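Before I ask anything, here is the structure I am working with.
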Amino acid sequence: MYDYLIVGAGLYGATVARELTDVGKKILVIDKRNHIAGNVYTEKVEGINVHIYGPHIFHTNDKTVWSYVQRFAEFNRFTNSPLANYKGELYSLPFNMYTFNKMWGAVTPEEASTKIEEQRKAVGIVKPKNLEEQAITLVGTDIYEKLIKEYTQKQWGRPCDQLPTYIIKRLPVRLTFDNNYFNALYQGIPVGGYTKMVNNMLSGVDVRTGVDFFEHKDELMKNAKTVIYTGSIDAYFNYSLGNLEYRSVCFENETLNKPNFQGNAVVNYTDAETPWTRIIEHKWFEFGKDEEGKNLPKTVISREYSSEWKPGLEPYYPVNDDKNGKLYEAYKELAAKELNVIFGGRLGEYKYYDMDQVIAMALEKVKTL
Ligand SMILES: Cc1cc2nc3c(=O)[nH]c(=O)nc-3n(C[C@H](O)[C@H](O)[C@H](O)COP(=O)(O)OP(=O)(O)OC[C@H]3O[C@@H](n4cnc5c(N)ncnc54)[C@H](O)[C@@H]3O)c2cc1C
């Protein structure tokens, strides 16, 4: 008999499992995938830790969470500085003085802000009604046209004038030469990959992978007093009220016989003609200075494609609009009636959470148990 059955070996499940084990509870963790670590899973290919479900950069302002993860991994000092490739022109992201210099030749912050202001005024939008108007109001037309418009359309599968403003409420516009993507106090990648880190979190815990909760539900529930469920909330209720919608992404991985493909971990392709949204070159997350390939003669890249979610695809980004918000609330009411089941994590709560938020929420939840 287990005190807790944890469905999902992602960061939420692993954090809860660690904490409850440490206070003497008997835990079983299951995952329907054949591996632990959920979406932060990394796999070694040619000596490189490949981020199988998309690039993951740990960043946080939460000192408690940062100290917590140090217990399970050593973090390197990776700083996310993505580039935008627009028809072969390269721009620095997020929008900063390097971007403005390349776009307009602006040399001083004053020149850059004058240019942005001019473009904002020329369009004269007072109350933005959609994403296009919101973006132009924030950064002007040139940046919108080259770096936002077609990229966002590829990401969401709809033109920007049909997307809500909330998607880009705040666009970082930096009048400094600072291309660190995140405004976070702490940032890095676990040396040796996320799988190693989650494996350390789950040390001493019973874990079974390749086990789908729904295929063995009765038997599993009979053997546990409480269930902590981190799968999709609508799946738990057999989609009885309808499907919650997601955007999905898929990846085309390729190993190349050269040490350096693009010289950066992440390059976004912001034009409409390129079918992928970005290319990830995984070695740069961990092996910062090996351009000549002395240690790793090969490199692994992933082209990322964005798509509408349909059953069978991985649910990645919840579509937090009104319709889905209401449906989620209805499922939440059903969930409240499941007395010995706790719903958590990004799928259980139908919310986009960063890794640090998921860990913080899991630590909070454990305090209430
Ligand atoms: C493309 C992408 C990039 C991201 N990049 C970043 C980033 O750079 N930085 C950052 O902080 N965050 C990032 N995130 C967010 C991060 O992935 C999440 O915060 C985190 O992985 C969520 O952990 P979780 O445990 O809630 O969910 P998951 O990792 O999804 O774990 C849930 C687990 O439950 C299992 N499961 C589901 N149903 C069942 C079932 N029926 N039976 C058994 N098991 C089941 C699943 O297989 C899965 O392993 C990114 C997300 C995406 C989609």
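Computed from the coordinates by the stated procedures, all read-outs in this text should not be read as laboratory data. Keep in mind the model is a prediction, meaning the values are calculated, not measured. Here the Cβ positions follow ideal geometry from the backbone for every residue, glycine too, while neighbour counts run over all protein chains shown.
Mean separation of Cα pairs under 8 Å and 6+ residues apart, divided by the residue count of the stretch 261-333: what relative contact order is that in percent?
Value for the stretch 261-333: 26 percent.
Could you state, as a whole-number percent, how many of the C-alpha pairs of the stretch 83-169 are farther apart than 15 Å?
Looking at the stretch 83-169, the distances longer than 15 Å represent 58 percent of pairs.
Taking the C-alpha atoms of the stretch 209-279, how large are the radius of gyration and the largest Cα-Cα span, Dmax, in Å?
Rg then Dmax for the stretch 209-279, in Å: 20.5, 54.
Return, ordered by residue number, the residues of the stretch 201-244 whose backbone nitrogen is under 20 Å from a label point located 7 Å along Cα→Cβ of residue 71.
201-207, 228
Mind jotting down the three principal axis lengths of the chain based on Cα atoms? Whole angstrom, largest first.
68, 53, 36
Which whole-number percent gives the relative contact order of the chain, counting Cα pairs below 8 Å spaced six or more residues apart?
Reported relative contact order: 27 percent.
Given labels modelled 7 Å from the Cα in the Cβ direction, how far is it in nm from residue 145 to residue 129?
Going by the 7 Å Cα→Cβ label model, 2.3 nm.
Send over the Kirkwood Rh of the stretch 229-369, from the inverse of the averaged 1/r over different Cα pairs, rounded to one decimal Å.
17.9 Å
For a quick protection proxy, order the peptides 24-36, 135-147, 100-112, 319-331 by their average other-Cβ count within 10 Å, most packed first.
Working: 24-36: 17.9, 135-147: 20.8, 100-112: 16.2, 319-331: 14.5.
Sorting 24-36, 135-147, 100-112, 319-331 by mean packing, highest first, produces 135-147, 24-36, 100-112, 319-331.
In debye, nearest 20, what is the charge dipole magnitude of the chain about its Cα centre with +1 on Lys and Arg Cβ and -1 on Asp and Glu Cβ, if you could check?
On the way: 45 positive and 48 negative charges, 103 e Å.
The calculation lands at about 500 debye.
Count the DSSP beta bridges whose two residues both fall in the chain, then state the antiparallel fraction as a percent rounded to the nearest 5.
Roughly 60 percent of the beta bridges in the chain run antiparallel, per DSSP.
Hey, another quick one. Given the stretch 103-220 reduced to its alpha-carbon atoms as identical point scatterers, what log10 I(q)/I(0) does the Debye formula return at q = 0.14 Å⁻¹?
Log10 I(q)/I(0), no solvent term: -0.77.
By per-residue mean of other Cβ atoms within 10 Å, what is the highest-first order of 186-198, 228-240?
Numbers: 186-198: 21.7, 228-240: 19.2.
Highest-to-lowest ranking by the protection proxy: 186-198, 228-240.
So, in nm, how far is label residue 235 from label residue 322 when the simple model puts each one 7 Å beyond its Cα toward the Cβ?
Between residue 235 and residue 322, the label points sit 3.0 nm apart.
How would you rank 118-129, 305-316, highest first, on the average number of other Cβ atoms within 10 Å across their residues?
Most protected by this proxy first, the peptides run 305-316, 118-129.
Now a separate question. Suppose R0 equals 30 Å. What FRET efficiency, 1/(1 + (r/R0)^6) with r the Cβ-Cβ distance, do residue 117 and residue 180 give to the nearest 0.05?
So the FRET efficiency works out to roughly 0.75.
Given Cα pairs under 8 Å that are at least 6 residues apart, what percent is the relative contact order of the stretch 83-169? Write down the numbers at each step before the final one.
Details: 89 pairs, mean separation 20.6, N = 87.
For the stretch 83-169, the relative contact order is 24 percent.
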